[in-house]
Amino acid sequence: MAPDQTKQAEVIAATDAVEEAMRPQTVPVNVYEADAALVVVAALPAVQPGDVTIDLTPGMLRITAGLRSAAPRDYLVHEWDYGGYEREVDLPAGYGASAEATLANGQLAVRVLRGEPIDKLTISPVAPSV
């Protein structure tokens, strides 16, 4: 195996091992009401829109993001990983008709629209257009 392929294989193996053993990190959120929506803003450093899944069910919003990378390193201080995020947010009555989300600069913004909750909706965020 070439040196670059060996390094890539080590990163993949390390990521798989960490992901199996780790508990997802709890994501801090800010929640506020806006016109026609409840807005949930979550800090998700070092993930891309395709890494994030947002599940909307009656009364609940669930945000998850897989582990991005766990390169084998000898950390002196290791307090967080590049992913493995999870957060559930209880929704007040009157929200849950639909949802839309964007992810930019490590910040996820989810708009949960007013209206009768739907049974279940799963979405991924999009990167905002410039």
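Just so it is clear, none of the values below were taken in a lab; they were calculated from the coordinates. Quick caveat, the model's predicted, so the values are computed rather than measured. Heads up, the Cβs are rebuilt from the backbone with ideal geometry, glycines too, and the neighbour counts pull from every protein chain shown.
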Expected unfolding gain across Asp55-Asn30 under the 0.36 nm per residue rule, minus the alpha-carbon gap, is 7.2 nm
Extension gain, Ser98 back to Ser124 (0.36 nm per residue minus Cα-Cα distance, nm): 8.1 nm
About its Cα centre, region 26-130 carries a charge dipole, from +1 on Lys and Arg Cβ atoms and -1 on Asp and Glu Cβ atoms, whose size in debye to the nearest 20 is 160 debye
Whole-Hz ³J(HN,Hα) for each residue in region 50-63, computed from phi via Karplus 6.51 cos²θ - 1.76 cosθ + 1.60 with θ = phi - 60°, x for glycine and proline: what do you get? x, 7, 9, 10, 10, 10, 10, 10, x, x, 8, 10, 10, 10
